[in-house]
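One structure below.
Every number here is computed from the coordinates shown, using simple stated rules; none is lab data. From a predicted model like this one, the values you see are computed outputs, not experimental measurements. For neighbour counting, all protein chains shown are included, and Cβ atoms are generated from backbone atoms with ideal geometry for every residue, glycine included.
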Amino acid sequence: MAVNFTPNDTLLKGELTKRLNDLESHLNSDVLSFTGAISEVYVPKLHRIVEDLASDPNKKEKIFIILKTPGGSAEAVERYVNILRHHYSTVNFIVPDYAYSAGTIFCMSGDNIYMDYFSVLGPIDPQVLNKDNRWVAALGYLDKLNELLTKAQNGTLTDAEYMIFKEFDLAEIRGYEQARDLTIDLLKRWLVKYKFENWTEHETTPALIGQQVTNEEKETRAAEVATLLGATSRWKSHGRPINMETLRNEMKLKIEDFGQDATLNSLIKSYSLFSDDYLKAMQPGQNFIHTRKYA
């Protein structure tokens, strides 16, 4: 059913798209904005929107994804990436605010990640649907199970903890383990293939500066990043914000600081703030995918 917009609604849509067009012109790239949870439900919609954008005569070979998400499904991320990489040789991510969990995994599939001091990613704790059809953080459940198993082996499990232990469903636990393993596998594969593609020489380790980076070294580095991002004992919380400084200093990831480019910073903030206001007014609580073809 067609939505009937008032003249003011149409004006707001036009202004939002104008700000996205300004970003496209500055970046000489296609731009897609994704706001909301990452879910299989939105795969057909993203597929349709990206194909529509890719069919445009003015399509570029590069796309920037403006991402704001609380996270979601790692399986959905894999399908999102497959769609984008089919049509674009370069995929970059802009995080004006936050991209948690599956959003972090999504960003790690990019050639470049753009953040500023305010932007945050999150631990890669995959969210899965439990038997009650609720999204839960898989690693939190696995950590608790391991804690109870250790206590059981040591003979220190209390009666109350035993009752909790009995409630764990082995099929669910296996699903959590598979979600964890998939997350790590995707992150390692995409970092090596895309993020580390142009990492050809060592730049920070004094003894190695100037030497060629081997594929094995890239794989080792990717595994280290995956381990750090998945270390629940380090981050304590599924929603713990990880800022640009931490990503750079602790994980040695190259992050582009869009705050250092006054024009780009202004364009990103202008679009992001207006988009937030638009969604609050027009589509509160809904996922939103926006390109220049939005109508």
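The figures follow:
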{"read-out": "Above-threshold pairs, the threshold being 24 Å between Cα atoms, out of LYS18/LYS62; LYS45/LYS193; LYS18/LYS195; LYS68/LYS293; LYS62/LYS254; LYS68/LYS218", "value": "LYS45/LYS193; LYS18/LYS195; LYS68/LYS218"}
{"read-out": "Å³ per residue enclosed by the Cα convex hull of region 1-85", "value": "125"}
{"read-out": "Magnitude of the charge dipole, region 1-96, Cβ model with Lys/Arg +1 and Asp/Glu -1, debye to 20", "value": "80"}
{"read-out": "Set of aspartates and glutamates near LYS60 by C-alpha distance (under 14 Å), chain-local residues within fewer than 8 positions excluded", "value": "GLU24, ASP30, GLU51, ASP52"}
